[in-house]
Amino acid sequence: MEISLIIGVSVLSGILTYLLSNKLKKGPVFGSATVTLVSGIIFPYFFPEFGTTLMVVAACSSYAGMVAVKNIPSLWEMIIVSVITSLLFIVTSSSYVGVGGKLGTIAALSCFTWIGFKKFILATNINVNNTLKHRSVGIWS
Amino acid sequence: MKINMNKIYILMCTITGVTLTYYLNHHMGYGAIISNGLIGVLAALLLPAPLAGVTYTASFVGMSSAAIIPSIALATFGGLVVGLIIITTTEIYAGIGGKGGTTAAMATIITRAITGLLS
């Protein structure tokens, strides 16, 4: 229950920040800071038990949502990055506790993971296409 | 020697950002997330975009717990460290979400290490 809630809040926060900063053109700082501030006020109020964890997840995901459109061009990709962020957050919850910037580092790692994965797939496709071209030349020549 | 005013502004913003966030976080008791959000919104509304980004990045250092950065004077020193890192690494990984947080984490760890050496 708690894990699904963490993933849900992360996705919501990531999408909201991405929309505020890129689609509504408010800038990444305003987008992220607004989502962080609102989540810091709302979650502890509505979820007294998990509120603290949820507001931290929302802040973490909002840092990932500050990514530029050239790196994450669509909302679907932002959803995937938010899910990666939430999973990384769960895995690393006991590491570097209290160090300022830990959440931003998790966000950066999530972005790098997705961007790296995309580049890997692109490179694999190019390799496959080149191999097919070589084979076709081999068959028909 | 010619003084680059942009770099002075960056240092001023980082020192102010960290100190204010730390003050809101620990002395006024708002907590790390609300303090960071508050400083970010104010920076976005009052400062030009590059300086707002710098201030928001710096405020991540102010989110550190009292066990990592025990006093507001050390937080101010952390502001200086993060400012120097930002000035040195402006072009690296621009546009990646979380770059500011990674910079802040590095600054926090460096501040903690220097504090540990001197204490």
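Only the coordinates and a few stated rules stand behind these numbers; no lab work does. Not measured: the values here are computed from a predicted model. Reconstructed Cβ throughout: ideal geometry from the backbone, glycine too, with neighbour counts over all protein chains shown.
Numbers for the structure displayed
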{"quantity": "Residues satisfying the stated conditions in segment A:18-57, i.e. at the interface with chain B (Cβ under 8 Å from one of its Cβ atoms) and closer than 20 Å to A:V97 by Cβ", "calculated": "A:T36, A:S39, A:G40, A:M55, A:V56"}
{"quantity": "Within segment B:1-31, tally of residues that are aliphatic (A, V, I, L, M) and under 22 Å from A:M55 (Cα atoms)", "calculated": "4"}
{"quantity": "Residue match in segment A:94-111 (condition: more than 18 Å from B:L38 (Cα to Cα), free of Cβ contacts under 8 Å to residues at least 12 places away in the same chain and more than 9 Å from chain B (Cβ to nearest Cβ))", "calculated": "yes"}
